[in-house]
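So the structure is just underneath, and the comments pick up after that.
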Amino acid sequence: MTTADTTSANPTAPPPPSPADLTYGGQYSVNPLGEVSFRKLCSRLPSVLWHVARTAWHIDRRAVLLLLGCQVITGVSAAVLLTGTAHAMQAILGTGAVSHRLRDALPALLVVAGAAALARVSSALSTYADRRLTPPVTTHADTALVEAVCRVDAAALAGEGFSDRHEAAEMGVVRSHVMINDAQRFMSALVRMVTASGVLSVLNPLMLPLLVLAVLPAGLGAVMSARVDYEVHYANISDRNSRSMMRWWATTSKYADEVRANGMTSYLLFWYRSLSERIDNRTLAAAPRTLRIALGTSLLGGVFLTATWAGLAWLAVTGRVNLAIAATALVAVQTTLAALSQVVINGAALFHTSLYLTDMQTFLDDAADKAPHRGDTAVAAPVEEIRLDEVVYRYPGKEAPAVDHVSLTLRRGEILAIVGENGSGKSTLTRLITGIYLADKGRVLWNGNDLAAVDPESVWSCTGLVPQIFAQWPLRVRENVTLGQPRTFDDTPVWEAIDAVGLREAVESLRYGLDTLLAREVWGGSEFSGGQWQRAACARALYRRPPLLILDEPTSQMDPRGEHDIFEEIKAIAADRITIVVTHCLENTKVADRIIVMDHGRVIEQGTHEDLACGAGLFAELLALSKDR
Ligand SMILES: Nc1ncnc2c1ncn2[C@@H]1O[C@H](COP(=O)(O)OP(=O)(O)OP(=O)(O)O)[C@@H](O)[C@H]1O
């Protein structure tokens, strides 16, 4: 899809706008690698290994012990293999008949074969241990991330850049998948390298420094490339984040009607492609740098490697080492070289992983800081009184407060209606009453306890909320009512809640009744209509029988019968609780004992329906407008 394709329907119309330019913002807008030295980067490796070991140990100790055992076997077998080779070479390159020389070499050759077999077995066992550890380690990282986000304070969750940092942390989960493998390969190569180089130093101490020089450039190259990759990843975070959000919006069946009937498909595809191209362009722009790094470091490594082989040839030709030692040195050089290359490659991979793990850990620490830490005081039913004292709340980045010096007292048995024009602060006020947000100034007290010092879980266990935009959970009907918190072993209270909102007929007509999955995308799943979903949302709040019931525009999608049923139910159960109804349908406020009218975050009027309807304030004006058709 090109720009031209999307505008072909109307050639005089302007071209579709390209996606907004987004940058990974907030306090993390600086690439954390930008200022870090190469030495400091390499010094990360021990801490990453320690992190991997600790995580793995926590998950499966036996698999970790197996892995460690395999590393020891790898080292021992490499040493035995090289020493055996030296002995075999001495015998084979000695004097006498070939058959005698072979016979003399046989014991050493058998030892070499045994060591090689042992190395293979240990490698197979390492792979087995890795496969046992990797899935739970990845799940552990993934679950920790989801839990951290679920527990974050609602205000922080909506904060600037939080979603981008979340996206960056997701990469840590992806890399967790290869973390154990990288660490295991790195350790095993390190052990082999130390052993082989030890043997090599015994044979000729000159060889080792040359070998290190031959491999070091490759290591440097791998780390530099990892750094470039990370830079690209970092630059792409915001675009990737918004691309994956838009992918969901464009492909979910929930918005399929809107996308199709409004002809949005072409634009969404154009938008998606443009964003993907932008991401690709950044990646491609980095490719020449990676090529230069690879060529430069390979050239340097090649020079040092040639010097190593030339050195070995010179030692053998000038008779400084005998032929048998030279032959063993050849094998030792090869082994050390292979192991050293592996150390470098896997070290770089581990370093690469560490970058993403650091992002993940930073995010987890940040999220833990942002979880509500308010206090241990618990509130419990019955909630006799909720009092607001001069409460003020301003959203970050906003000039004016959304709730401005509101004082209010609610008592058990009372129904309060909150009305006001769009954006006047009604929903924000309900968030403050339930402690989802804490007031910037002033206090919200439940039974005399300030919510700033109360365990929020205890508050929410006393709350039932039907929000303006409610979730249509892809769960069975039963869980959509109980929200996974059943009160009894039988379905009686579930049916009571369903009856209270007049949803029985709809549920009984579903193929599996209460067991029907409400997700039409899923095989065997079904779907409610908009109004039926809203009834279900009300049913779940009623099922909780909460001491505080808040209904924010609870009947906006319902037919008159449904609306009538709900308000009858609200009146019937009002005596045991505090009920708050937020509504634009002023007729519905007749159920309330008291109505407050909000304007620009302030309570500007309050009273009964009769008082306010006969007054000359905003309520009377809005009521008149609602009747003027
Ligand atoms: N998450 C948010 N971040 C920033 N500003 C917000 C946020 N939510 C609401 N606001 C702002 O706070 C003010 C009050 O919003 P609120 O949702 O409480 O109004 P409301 O009275 O419930 O409106 P409506 O009748 O449209 O539902 C508005 O100016 C709105 O733009």
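The values are calculated or read from the model by the stated rules, or taken from the named source; none is laboratory data. Remember, predicted model here, so these are calculated numbers, not experimental data. No Cβ is skipped: glycine too gets one built from the backbone with ideal geometry, and neighbour counts run over all protein chains shown.
The residue that is nearest to the ligand (Cβ to nearest atom), counting only those in the stretch 385-406 that are aliphatic (A, V, I, L, M), in a strand (DSSP E or B) and under 33 Å from the mean Cα position of the chain (by Cα), is 403. Entry remark, the stretch 429-481: residues being out of contact with any Asp or Glu (no Cβ under 8 Å at 6 or more places or on another chain) and farther than 16 Å from residue 386 by Cα number 10 in total.
Being among the hydrophobic types (A, V, I, L, M, F, W, C) and within 16 Å of the ligand (Cβ to nearest atom) is not true of residue 498. For the stretch 413-439, which residues satisfy the criterion of being more than 13 Å from the ligand (Cβ to nearest atom) and surrounded by fewer than 19 Cβ atoms within 10 Å (Cβ to Cβ)? If the condition is that a residue be more than 13 Å from the ligand (Cβ to nearest atom) and surrounded by fewer than 19 Cβ atoms within 10 Å (Cβ to Cβ), then 413, 414 are the ones that fit.
Residue by residue, here is whether (1) modelled with pLDDT of 80 or more; (2) surrounded by 13 or more Cβ atoms within 10 Å (Cβ to Cβ); (3) under 42 Å from the mean Cα position of the chain (by Cα) holds:
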{"site": "249", "(1), (2), (3)": "yes, yes, yes"}
{"site": "252", "(1), (2), (3)": "yes, no, yes"}
{"site": "276", "(1), (2), (3)": "yes, yes, yes"}
{"site": "321", "(1), (2), (3)": "no, yes, no"}
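None of 615, 601, 530, 562 is in contact with a Lys or Arg (Cβ under 7 Å, 6 or more places away or on another chain) and of a type in the set (Gly, Ala, Ser) except 562.
For the stretch 81-113, the set of residues classified as in contact with a helix residue (DSSP H, G or I) (Cβ under 7 Å, 6 or more places away or on another chain), outside any helix (DSSP H, G or I) and of a type in the set (A, V, I, L, M) consists of 93 only. Out of the stretch 487-502, which residues are surrounded by fewer than 15 Cβ atoms within 10 Å (Cβ to Cβ) and farther than 19 Å from residue 534 by Cα? Result: 487, 488, 489, 490, 492. Does the stretch 443-456 contain any residue that is touching a Leu at 6+ places or on another chain (Cβ under 6 Å), more than 16 Å from the ligand (Cβ to nearest atom), over 26 Å from residue 540 (Cα atoms) and not hydroxyl-bearing (Ser, Thr, Tyr)? Checked the stretch 443-456: at least one residue is touching a Leu at 6+ places or on another chain (Cβ under 6 Å), more than 16 Å from the ligand (Cβ to nearest atom), over 26 Å from residue 540 (Cα atoms) and not hydroxyl-bearing (Ser, Thr, Tyr). Among the conditions (1) of a type in the set (A, V, I, L, M); (2) over 32 Å from the mean Cα position of the chain (by Cα); (3) at pLDDT 85 or above; (4) surrounded by fewer than 13 Cβ atoms within 10 Å (Cβ to Cβ), the only one that residue 313 does not satisfy is (3). Among residues of the stretch 225-236 being surrounded by fewer than 20 Cβ atoms within 10 Å (Cβ to Cβ) and of a type in the set (A, V, I, L, M), the one that is nearest to residue 163 (Cα to Cα) is 235.
Going by the conditions given, is residue 620 more than 12 Å from residue 419 (Cβ to Cβ), in contact with a Leu (Cβ under 9 Å, 6 or more places away or on another chain) and buried (at least 16 other Cβ atoms within 10 Å of the Cβ)? For residue 620, the condition - more than 12 Å from residue 419 (Cβ to Cβ), in contact with a Leu (Cβ under 9 Å, 6 or more places away or on another chain) and buried (at least 16 other Cβ atoms within 10 Å of the Cβ) - is not met.
The number of residues in the stretch 440-455 being surrounded by fewer than 22 Cβ atoms within 10 Å (Cβ to Cβ) and in contact with a helix residue (DSSP H, G or I) (Cβ under 8 Å, 6 or more places away or on another chain) comes to 2. Taking the residues in the stretch 586-629 that are touching a Gly at 6+ places or on another chain (Cβ under 8 Å) and β-branched (Val, Ile, Thr) as candidates, determine which candidate is nearest to residue 400 (Cα to Cα). Selected residue: 604. Quick one: is residue 424 over 15 Å from residue 579 (Cα atoms) and part of a loop (DSSP other than H, G, I, E, B)? Criteria met by residue 424. So if I check each of 583, 589, which one is more than 23 Å from residue 503 (Cβ to Cβ), polar (S, T, N, Q), within 16 Å of the ligand (Cβ to nearest atom) and at pLDDT 90 or above? Of 583, 589, the one residue that is more than 23 Å from residue 503 (Cβ to Cβ), polar (S, T, N, Q), within 16 Å of the ligand (Cβ to nearest atom) and at pLDDT 90 or above is 589. Taking the criterion of being under 21 Å from residue 577 (Cα atoms), in a strand (DSSP E or B) and more than 29 Å from the chain's Cα centre (by Cα), would at least one residue in the stretch 461-477 satisfy it? Looking for residues that are under 21 Å from residue 577 (Cα atoms), in a strand (DSSP E or B) and more than 29 Å from the chain's Cα centre (by Cα), one finds none in the stretch 461-477, hence no. The stretch 527-629 holds strands (runs of 3 or more DSSP E) entirely within its bounds, and those carrying 1 or more residues that are touching a Cys at 6+ places or on another chain (Cβ under 7 Å) and assigned by TED's automatic domain parsing to the domain that holds residue 430 map to 548-552.
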